[in-house]
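Before we start, here is the structure in question, set down as structure tokens.
The values are calculated or read from the model by the stated rules, or taken from the named source; none is laboratory data. Fair warning: this is a prediction, and the values are worked out from it, not measured in the lab. All Cβ positions, glycine included, derive from the backbone under ideal geometry; neighbour counts span all protein chains shown.
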């Protein structure tokens with residue numbers, strides 16, 4: 001893979017999709033449909049998916065593409081592929097809370113090695129450089145030239161008290177019970193893949209997810225966190241979370257800074 005081309009294309013497509021998403025977000029009203037799994041989908045999901053999937057297929061025609069909004073891709077099996085969630089956090093989008101992201105990632109041998117997470121309503125963008133290190137771009141988000149970049153890295157917690165980040169829309173008792181095993185300095189709530197990025201920047205130390213997710217929900221944020229020195233492990237046995245699984249479904253997992261001493265499940 002030409003990583004320079006890959007990163008350039010993923011970043012540009014994320015910005016183009018983000019622009020279209022914000023056009024719909026800023027409109028007076030938009031339609032919400034319900035998919036077969038009872039999850040919501042909007043015109044923004046569909047428009048962003050068209051922009052990203054057409055762009056990736058044109059640039060990388062020989063690479064498998066898995067995207068949330070195209071069910072026919074979910075039956076493909078590969079251990080190296082592109083994977084897309086064009087609008088992660090649709091519920092946040094519908095409720096106009098701003099915590100939604102565009103996610104594009106490249107998985108190699110089951111590991112997400114390159115990715116971009118763009119939160120257009122918050123003006124935050126995180127991505128992996130061609131060398132694999134993660135950065136945050138602070139604007140002005142020109143499509144063909146990156147703005148100011150800051151290399152990001154995970155925290156160095158002393159395990160005395162941790163900063164925990166958890167889901168806004170999917171918090172439950174099991175998650176609270178697990179968090180209760182740690183000394184907690186403070187809690188943050190965030191939607192979509194931004195939770196991975198908060199650990200990648202050192203703004204949080206641990207994110208446990210005891211709930212259903214799919215690989216397109218997590219791959220881009222996972223790539224950003226890996227490039228910042230962090231880890232994502234399965235909740236049950238604390239082995240690295242792998243990709244290309246059956247139906248692209250994830251088990252429960254924990255994203256964390258390496259020096260966090262994980263408690264048993």
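Could you say whether any residue in the stretch 208-226 is in a loop (DSSP other than H, G, I, E, B), within 30 Å of residue 138 (Cβ to Cβ) and not assigned by TED's automatic domain parsing to the domain that holds residue 121?
As a first pass, look at the stretch 208-226 and keep what is in a loop (DSSP other than H, G, I, E, B): 210-212.
When the remaining residues are screened for being within 30 Å of residue 138 (Cβ to Cβ), the result is none.
No, because not a single residue in the stretch 208-226 is in a loop (DSSP other than H, G, I, E, B), within 30 Å of residue 138 (Cβ to Cβ) and not assigned by TED's automatic domain parsing to the domain that holds residue 121.
Another question, then. Considering only residues of the stretch 243-256 that are touching a strand residue (DSSP E or B) at 6+ places or on another chain (Cβ under 7 Å) and not in a strand (DSSP E or B), which is surrounded by the most Cβ atoms within 10 Å (Cβ to Cβ)? Give the derivation first.
Restricting attention to the stretch 243-256, the residues satisfying the condition of being touching a strand residue (DSSP E or B) at 6+ places or on another chain (Cβ under 7 Å) are 243-244, 248-256.
Next, from what is left, pick out any that are not in a strand (DSSP E or B): 243-244, 248, 251-252.
Working: 243: 25, 244: 19, 248: 21, 251: 15, 252: 18.
Taking the candidates together, the pick is 243.
Do we find that residue 153 is under 17 Å from the mean Cα position of the chain (by Cα), assigned to a loop (DSSP other than H, G, I, E, B) and within 24 Å of residue 110 (Cα to Cα) in this structure? Give the steps one after another, and end with the answer.
Numbers: under 17 Å from the mean Cα position of the chain (by Cα): yes; assigned to a loop (DSSP other than H, G, I, E, B): yes; within 24 Å of residue 110 (Cα to Cα): yes.
When the stated conditions are applied, residue 153 passes them.
Could you look through the stretch 202-218, keep only residues that are in contact with a helix residue (DSSP H, G or I) (Cβ under 9 Å, 6 or more places away or on another chain) and farther than 17 Å from residue 39 by Cβ, and pick out the one that is surrounded by the fewest Cβ atoms within 10 Å (Cβ to Cβ)? Working first, answer last.
Of the residues in the stretch 202-218, the ones in contact with a helix residue (DSSP H, G or I) (Cβ under 9 Å, 6 or more places away or on another chain) are 203-211, 214-216, 218.
Add one more test, that the residue is farther than 17 Å from residue 39 by Cβ, and what stays is 203-208, 210.
Details: 203: 16, 204: 27, 205: 26, 206: 25, 207: 24, 208: 26, 210: 22.
Once the filter is applied, the top-ranked residue is 203.
Hey, another quick one. Which one of the conditions (1) under 30 Å from residue 123 (Cβ atoms); (2) touching a residue at least 40 places away in the same chain (Cβ under 8 Å); (3) surrounded by fewer than 18 Cβ atoms within 10 Å (Cβ to Cβ) does residue 145 fail to meet, given that it meets all the rest?
So residue 145 meets the others, but not (2).
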